[in-house]
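Structure first, then comments.
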Amino acid sequence: MTLTKKKMNKELVKYLIYVTITIISLYLISCGKLTAPSKDAPTDLKVEKIEEGRVKLTWIYLDTSDDTIVFVIAKKEGEGNWNENYEVVSGQTRFLEDDIFTCDSLVYAYKVKANNLSTGEFSQFSKVVAYLSSQTTPTDLSITQITQELLKISWKDHCVGEDGYYVDKKLDAGNWINKYKILSLNSDSFQDNTTLFDTVYFRVYAFAGISKSEAVSNYTFTTLPAPSNLTLQKPDDNKIKISWIDNSDGEEGFYIDKKIGGLDWVIEYSTVDSNVTNWIDDITQPCGTFYYRVRAFYNEFYSDYSNEEHTNIRLELVDSLNTLGDANEVFVSNSGWYAFVADGYNGLVVIDCINPTLPNEITTMDLPDRTLSVFVQDNLAYVTNHNGGFNLVDISIINSPEVIGSCVTEGMPNDVFVYGDHAYVADGAAGLSVIITAGPPHFETNISTNGDARKVFLKENYDYAFIANGLNGGITIIDISDPLNPISVSNLPINGLSQDVYVLGNYAYLANGENGLEIIDISDPTNPFTVSNCPTDGFAYSVYAQEHYVYLVDKYKGLIVIFIEDPFSPYILGTLEMLTEPVSIYISGSYAFLTDNEGLKIIQVAP
């Protein structure tokens, strides 16, 4: 039966009861048996849910068997007005079943009075009861310490039609103070005085008449207010000054926590006395990202933390130069401080970086198709192009480079590394290709890497070539002690997209796409194995290693410096976030040279 049909039946029953009571009243009048109702209201009024969408109202009243008594039920829905004659039931009846929504935020309130139909006398109304569904329960009770002596208690009000809110309070293990606060309808917060170092509990519930919702509760430990407005300044390149506002009264001092890059917080790294609001940290690292936070203390008690702030030591953009093409790779010559940029369809761009704060384009050299890679040795630049081309360029006259020879490789020449009279090309699906550069350059041989050769690096003694091998290809190691007869000695597949590799000492550092940096032990080239991984939560694309540091270009994160003194426990020392997508890196002196979709970026990474 639908609610509409139920409502129609109720109206019919109501009418029949009224007619019946009227007839009985007339009969009793004729018999002379009249009794006035008690002036006392019906008692013990209760409401309960009996099924979804239906509640039952019950009450107690003095015996009316000889009286012309009826009960009049009043009802109020939500914030509406009282319907003083919502229902009438006979004097022998002590209940009413009512159809309401039992899963909404409306408060359904009821009260009952007795009526003597023969005399027109009424009792007073009973106390008000209400049905409050679970949807009316307040939520998200939070307690905020505004000052050392003041709390703000707030919650979300879900009721429609409540009389107000009760707040109970308890201190530590004491008893609850019921109805500590009585608040008006639609309340959702109040403030309360407090003292330090107490555990304060609150619970809040809506009420209507003598009924109430379920309660929401929470607690807090009142302590010293947190310092605020923590700021960082750099008096010089090796110092960071931390300043804050002291909001507490009577603290013994302040603890300063510090975090470097991807490391955990060093708790209580330093301490200052009461009322001191600044401190200077001496930085020993060449660069990095440094985080700080402060809290007040008194004996074993602490305030909450201040805001957290961070800053970089160095790792700042010095200058940049936009190029016309899609800059793929950069190589900086050992002498002259010239940066050579493989600039896609724009060819080879030569940039004077003798003053890193003011790079200056010297010339651009057109080359066939898209320029992918460049390597510089002495007065020659070795350049590869998308169509399989390899170009030998004379750069002895820096502002007038000239192609003096070229040849074609077997695949996609993604990268080139030169030693002596041989150029080693990461040649895509064709593997590693070897080109003789003495005299007119010409292709000599190639060997498969069982993957997609993307970058190539030669170790210091130049007996081995290390290949970043594309999707799930990891690293491939090839013996090139006889350049004309390369031999594959090992392959270490690794999940990920191997983009670039750099070898330093007994370790290869692999930029492995979404998997970050892989560190591989290659002390035995025939048996390489991974010793650690340093995730970047981005996409590692290019890598350069120097002393105890790896400089990793991440397309989504920017430039990341990783400390590798212990190859088994690398960690991020610092990050320079970039809005562009860097794809290549070269370290020269104190500077990192990066290429991205705009051109060349120069970043200081050391004193």
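The values are calculated or read from the model by the stated rules, or taken from the named source; none is laboratory data. Bear in mind that the values here come from a model prediction, so they are computed numbers and not experimental data. So basically every Cβ, Gly included, is an ideal-geometry build from the backbone, and we count neighbours across all protein chains shown.
Do we find a residue being assigned by TED's automatic domain parsing to the domain that holds residue 328, charged (D, E, K, R) and crowded, with 17+ Cβ neighbours inside 10 Å anywhere in region 460-478?
no
What residue, among those in region 550-559 that are without any contact (Cβ under 8 Å) to a residue 40 or more places away in the chain and either of a type in the set (A, V, I, L, M, F, W, C) or surrounded by 23 or more Cβ atoms within 10 Å (Cβ to Cβ) (or both), is nearest to residue 602 (Cα to Cα)? Give the derivation first.
Of region 550-559, the ones without any contact (Cβ under 8 Å) to a residue 40 or more places away in the chain are 554-558.
With either of a type in the set (A, V, I, L, M, F, W, C) or surrounded by 23 or more Cβ atoms within 10 Å (Cβ to Cβ) (or both) added as a condition, the list becomes 554, 558.
Numbers: 554: 16, 558: 13 Å.
Among residues in region 550-559 that are without any contact (Cβ under 8 Å) to a residue 40 or more places away in the chain and either of a type in the set (A, V, I, L, M, F, W, C) or surrounded by 23 or more Cβ atoms within 10 Å (Cβ to Cβ) (or both), the one nearest to residue 602 (Cα to Cα) is 558.
Could you give me the residue pairs with C-beta distances under 7 Å whose first residue belongs to region 505-526 and is not assigned by TED's automatic domain parsing to the domain that holds residue 462 and assigned to a strand (DSSP E or B), whose second residue is surrounded by fewer than 24 Cβ atoms within 10 Å (Cβ to Cβ) and of a type in the set (A, V, I, L, M) wherever it lies, and which are 6+ apart or on separate chains?
The qualifying pairs do not exist here.
Looking at (1) charged (D, E, K, R); (2) more than 27 Å from the chain's Cα centre (by Cα); (3) farther than 28 Å from residue 569 by Cβ, which one does residue 239 not meet, given that it meets all the others?
Failed condition: (3).
Quick check: anything in region 563-572 under 16 Å from residue 317 (Cβ atoms), touching a Ser or Thr at 6+ places or on another chain (Cβ under 8 Å), part of a strand (DSSP E or B) and of a type outside the set (S, T, N, Q)? Walk me through how you get there before you give the answer.
Within region 563-572, the first condition is being under 16 Å from residue 317 (Cβ atoms), and the residues that meet it are none.
Checked against the condition, which is being under 16 Å from residue 317 (Cβ atoms), touching a Ser or Thr at 6+ places or on another chain (Cβ under 8 Å), part of a strand (DSSP E or B) and of a type outside the set (S, T, N, Q), region 563-572 yields no hits at all.
Any chance you could count how many residues in region 174-189 are surrounded by 13 or more Cβ atoms within 10 Å (Cβ to Cβ) and closer than 19 Å to residue 223 by Cα?
Qualifying residue count for the region: 0.
Looking at residue 335 and the list (1) exposed (fewer than 15 other Cβ atoms within 10 Å of the Cβ); (2) in contact (Cβ under 8 Å) with a residue 60 or more places away in the chain; (3) among the small types (Gly, Ala, Ser), which single condition is not satisfied?
Failed condition: (2).
I'd like to know if region 157-164 contains one or more residues that are assigned to a loop (DSSP other than H, G, I, E, B), within 20 Å of residue 83 (Cβ to Cβ) and in contact (Cβ under 8 Å) with a residue 60 or more places away in the chain.
Checked against the condition, which is being assigned to a loop (DSSP other than H, G, I, E, B), within 20 Å of residue 83 (Cβ to Cβ) and in contact (Cβ under 8 Å) with a residue 60 or more places away in the chain, region 157-164 yields at least one hit.
Need pairs with beta-carbon distance below 7 Å; first residue assigned by TED's automatic domain parsing to the domain that holds residue 378 and within 14 Å of residue 411 (Cβ to Cβ) and within region 432-445, second part of a strand (DSSP E or B) and among the aromatic types (Phe, Trp, Tyr); sequence gap 6+ or separate chains.
Correct list of pairs: 432/424; 433/443; 434/424; 435/390; 435/443.
Of the conditions (1) touching an Asp or Glu at 6+ places or on another chain (Cβ under 9 Å); (2) at pLDDT below 95, residue 231 clears all except one; give me its number.
(2)
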